[in-house]
1. Taking the Cα centre of region 345-397 as origin and charging only Cβ (+1 Lys, Arg; -1 Asp, Glu), how large is the dipole, in debye to the nearest 20?
2. Using a basic spin-label model with each label point 7 Å from the Cα along Cα→Cβ, how many nm lie between residue 590 and residue 114?
3. Grab the Cα-Cα distance for residue 392 and residue 23, subtract it from 0.36 nm times how many residues apart they are, and report the gain in nm with one decimal.
4. So with the 1.4 Å probe, I'd like the accessible area per residue for the chain, rounded to whole Å².
5. Checking the table 451/610; 422/585; 452/625; 492/512 against a 18 Å threshold on Cα-Cα, which pairs fail?
6. Zone of residue 216 (label point 7 Å along Cα→Cβ, backbone N under 12 Å): which residues in region 12-51?
7. Apply the Karplus parameterisation 6.51 cos²θ - 1.76 cosθ + 1.60, with θ equal to phi minus 60°, to every residue of region 33-42 and state each ³J(HN,Hα) to the nearest whole Hz, in sequence, with x for glycine and proline.
8. Per residue of region 146-153, in order, report the coupling 6.51 cos²θ - 1.76 cosθ + 1.60 (Karplus, θ = phi - 60°) as ³J(HN,Hα) in whole Hz, putting x for Gly and Pro.
Amino acid sequence: MCGICGQINQSTNLVVDRNQIERMSSKLMHRGPDGSGYYSVAGIGLAHRRLSILDTSNYASQPMVDKDTDVVITYNGEIYNYIEIRERLRRKGHSFRSTGDTEVLLKAYLEWGHEILHIINGMFAFVIFDPRINKVFCARDPFGQKPFFYTHNNRKFIFSSELTSLLSHSGVPKELDREAISEYLMYESFVAPQTPIKNIKKLPAGFALTYKRDGDDLQIWKYWHSNSNQSLHFNNSPNNDDIEKLAHVLRDSVARHLRSDVPLGIYLSGGIDSSLMTLLASDILGGENIHTFTIGSSENSFDESDIARRTAEILGTNHHELLITPEDSLNSISNVLNSMDEPLSDPGLIAISQVAKFASNYVKVTISGDGGDELFCGYPTFHKWKLSNLLSNLPKDLIKNYLVPLVDQLPAQDKYMGLFYKTQIFVRGIGSPKEIRNSRWLASFLPHEIKKLMVDGDSLLSLAPDNSGFKNIYKHVTDIHLEHSDLDDISKLSMEYQYSYLTNIICNHTDKANMQYSLEARSPYLDVIASQYINNLPNSWKLHNGNGKYILRQYLQKRLGSYVASKKKQGFTVPLALWFKNELKEFCLDNLSEESISDSGVFNYEYVRKLYQDHISGKRNNYKKIWTILTFISWQKKVSIYD
């Protein structure tokens, strides 16, 4: 795990200013505190910040240059099947100086070129410059676990692992993108390829890019396609052999993810996924060789530490537990906002940041359960889908004039996912087409609210309909449904979660929270082999009697018992709704003041004022909306970019 940045000019005669690249690199120090490197050749400057995980010797330092071809790589991430690939390359005559994965990735490119994207299994964002053809080759892993920002203008290609690093370069644009901001307000993140800044892009997950210096030509393509196959035949319910086969696939993935030359731990929240990861890792290494980390909360509806502690005792792990006080959380919020390179308003980022800070005192690598909900239908959305279909068949006038107003009158609730709050969220999707229903459930702001919230909201193209009749703001989601049009509704919903929510929210906040404290977080569910296997399993093995992760629960029931196997889904988050009325009230009043909102130039103050007033008066639980605005305002103040 590292940080990368650099600049490639079209002209070999235009020298890259090393000070610019070093400044970008310095902004990435938290991503790689163990070392730094710089490479320069005619019109090119590449930098690297190193977090040493595999082969901590200098032989694995980057940027790494192949001495025979002068091909150079700067790379962030881990290739989990690097040992197997290295053996293939040795049989083809390649030799190695290092024992890590960077040299394997470089030599694999020399052997197979772009085909490496169908050979490597890992999380990555890399840049390879090949002087033999005067071309740059970049790629990002299938689920977007590693970030990649870039800009291409004035015959220059400039890139970095983080947006604030890229913005420190004097040659990049610094104009807000209002269309992208409008989508952020809905999805709580900037959906790739968008960023808050015009002409700065994110390389989407599962995409690759080439920049040909001859002709200043940049090309982007999608290399990753999920192979979910509903033509395969399975029993209606998994038998013992089926359960054991899945456990074997997941255990193999965990084993690959445990490859490390430094101490390693697991985030143990008490839920299905983290308990399973801990169990499988204990099978491989023994519980005594594993650190587990749990944070507890004084707010009971947000706390799972008792279950986590029990699992750790059964498996014999080196368990570390920390009770987080409201004061700790408030400090964490300040740290999260100050370190954020782009606005990301998912509150889970705060909780993950807290446990990452705690774990960084003991290890450099952690294992997480990211992907379990998306792959195994774990979210409540999946089991309420049938009900939403039934209610959506009601007459539109009945939904609009009676059902919605009735639910809006329910009292506001501040505790974690209270019944009234969940009902109000649920009704937002009723009557909507299937392709956009889940987006409306997950949204902070709906399109009609964004139009009122944003200055000049009426002129936003994102809120205008596209050729299919959907608003442009839904396009990336409707494209996912279109690409998987041959699948049933539940499978389409799973794909939507995997390639929208997982990529833009979950992987994004996992990377940001862990890198803030120089930690590498790995997600065995997102292993190429494991995820493809899971996507081919029938939905009846995942969703059963109103519960997701059915086959995982069956396995955990056998191995650990019902205390984990029967556990209901609970998100990893913090009680912002309560804090906005109490501990964070002054923070809100300051950042949502008329002066602050006017300085931003993005939002209408009267709309923001009413949102907050309705929240603190108990009329509505607007915590998601408030946090989405606060996150953007805090980021904007940090980078000092205004219209």
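1. Details: 5 positive and 5 negative charges, 16 e Å.
Its charge dipole is roughly 80 debye.
2. Going by the 7 Å Cα→Cβ label model, 5.1 nm.
3. On the way: separation 369, 0.36 × 369 = 132.84 nm, distance 5.38 nm.
Gain on extension, residue 392 to residue 23, equals 127.5 nm.
4. Working: 24710 Å² over 643 residues.
Roughly 38 Å² per residue, with all protein chains present.
5. Values: 451/610 15 Å; 422/585 24 Å; 452/625 13 Å; 492/512 28 Å.
Over 18 Å apart, Cα to Cα: 422/585; 492/512.
6. Within reach of a label on residue 216: no residues.
7. Those phi angles translate into x, 8, x, 9, x, 9, 10, 9, 8, 3 Hz.
8. Each residue of region 146-153 in turn: 10, x, 7, 10, 7, 9, 10, 7 Hz.
The values are calculated or read from the model by the stated rules, or taken from the named source; none is laboratory data. These numbers were taken from a predicted model, which means no experiment stands behind them. So basically every Cβ, Gly included, is an ideal-geometry build from the backbone, and we count neighbours across all protein chains shown. SASA here: full protein model, heavy atoms, side chains in, ligands and nucleic acids out. Shrake-Rupley method; radii C 1.70, N 1.55, O 1.52, S 1.80 Å.
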